[in-house]
Structure formats: C-alpha cells, structure tokens
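One structure is given here, and the rest of the page talks about it.
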Amino acid sequence: EYDYQGNKTILLHLPMQPKSTEWNPGEGALYVDEPEEKILSTLKGDLQQVQYATGVNNHMGSLFTEKEGPMQTVLEYLKENQLFFIDSFTTSNTVGYKLARETGVKTTRRNIFLDNQQDVGKICVQLDKLVAYAMKKGGAVGIGHPYSETVKALRECLPQYDQKIEVVGVDKLVQ
C-alpha cells in the first residue's frame, strides 16, 4: 500500500472569515452569515481538494472561530469523519478548542506563530520560544508557512534541538 502522507500529517488549512474586511481569507472560505448547508458544502469541497487530510486548522478565522453556531457545524462534520481540529488561535475569544473538546473532536491549539515576520533570525527566535514552551509543558504546536525564510530557519535553527526535543506531527499532540 502506498503511503500518501510520506509519514507526515496532512492538514486542510481551512479559510475562515476574519474580523477585518481588509483581509481576504481566499477561495473556499467559510463565512458566519452563511446557512449551515452552504458551510457544509464548502467544507466538503475544501476537504475533497486535500483528500488525505487527517485534520483541519483554521486559516484566519478570527470572526468565524468566535461564533458557536458556525463552529459547531464544522466540528460536528469533523467528528463524523474522524478528523481532528487544530485551533490556530487567531483570536483570544475563539470557541474552537473548547467546542471541539465538548463535541468529542480530537483537538489542540497553536502555541506559537513562527513566521509572522518573514525574517530567518526572527523565525529562529520564535523556534527558541516554541522549544522552551514544549520543554516546560511537554509539547507545543507551532504554525508556520512554506515561505523560503521559514524553510531556511527550520533547516538552520532546528537541528540544535535534536537532543532536547522530538519533532512530531501535530496528530501526535491532539487529545
């Protein structure tokens, strides 16, 4: 049997409505004022494009993840399809993580954003923070993007932690 994931965790980075209209979450985004049927059909379409995904995390979503009704719709679907949810924690008022736990969806949340600033040195500083958090708490979730600076920072700065931590797929951190 072919290993589609290459021993990696594949996530759907699900676009969700942000609070500010100056940000466009992109194609396939979920919006709070849409009916449940539209949210579900968009979610299903997005998942079909990432067919080997075992979990979902929110892209943007500072407004969407604060709304219990729309989030419950998403989480019920994820539960039915045995998918986990990583709350990117783009707002301190998110209900995503809490509702996922209440709904029985395996979940965790982002602890550190790695590359809000696309600068190798600054990303390495964020990696330091992530490792310190992981060592203190026993695990941590960092979110980064496939920017060349992020890839370079991971190659340059992560090896120094080989004796201190184990880098694992986020699927190992959900509960």
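The values are calculated or read from the model by the stated rules, or taken from the named source; none is laboratory data. Just so you know, these numbers come straight off a predicted model, no measurement behind them. Cβ: placed from backbone, ideal geometry, glycine included. Neighbour counts: every protein chain shown. Ligands, DNA and RNA are stripped out before the accessible areas are found, and what is left, the full protein with its side chains, is counted by its heavy atoms. Shrake-Rupley method; radii C 1.70, N 1.55, O 1.52, S 1.80 Å.
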Amide H of His59: which non-local residues (sequence gap of 5 or more, or other chain) have their own amide H closer than 5 Å, using H built in the peptide plane? Leu14, Met16
Can you tell me the FRET efficiency between Asn116 and Gln48 if r is taken as the Cβ-Cβ distance and R0 is 30 Å, rounded to the nearest 0.05? 0.50
Label-point separation in nm, Lys8 to Glu80, each point 7 Å along Cα→Cβ: 3.0 nm
Between the Cα axis of helix 120-137 and the main Cα principal axis of the chain, the angle (0 to 90°, nearest 10) is 80 degrees
Most fluctuating residue given options Gly55, Gly96, Gly121, as computed from a GNM of the chain linking Cα atoms under 10 Å: Gly121
For the chain, what is the accessible area per residue in Å², given a 1.4 Å probe and the full set of protein chains? 59 Å²
So if I take the centroid of the Cα atoms in segment 96-159 and the same for segment 34-80, what is the distance between those two points in Å? 22 Å
Taking the alpha-carbon distance from Lys44 and a cut-off under 20 Å, which lysines remain once sequence neighbours fewer than 8 residues away in the same chain are dropped? Lys67, Lys79, Lys106
Along the principal axes of its C-alpha atoms, what lengths does segment 64-175 span, in descending order and rounded to whole Å? 42, 27, 23
Return the aspartates and glutamates within reach of Lys122: Cα separation strictly under 12 angstrom, same-chain partners fewer than 8 residues apart disregarded; answer none if there are no such residues. Glu149
Quick one: which of Lys8/Lys129; Lys129/Lys172; Lys8/Lys38; Lys38/Lys137 span more than 29 angstrom between C-alpha atoms? Lys8/Lys38; Lys38/Lys137
Accessible-area value, Ser92, 1.4 Å probe, nucleic acids and ligands omitted, Å²: 100 Å²
For segment 67-78, in order, what is each residue's ³J(HN,Hα) by Karplus, 6.51 cos²θ - 1.76 cosθ + 1.60 with θ = phi - 60°, in whole Hz (x at glycine and Pro)? 9, 4, x, x, 5, 4, 4, 5, 5, 4, 5, 4
Quick one: with all protein chains in place, what share of the accessible area of the chain is carbon or sulfur, to the nearest percent (1.4 Å probe)? 47 percent
Let's see if you can work this out: charge +1 on each Lys and Arg Cβ, -1 on each Asp and Glu Cβ, no other charges. What is the dipole magnitude of segment 49-175 about its Cα centre, in debye to the nearest 20? 280 debye
Which one of Val105, Asn116, Ile86 has its Cα pushed farthest toward the positive end of the charge dipole of segment 58-121, where Lys and Arg give +1 and Asp and Glu give -1 at the Cβ? Val105
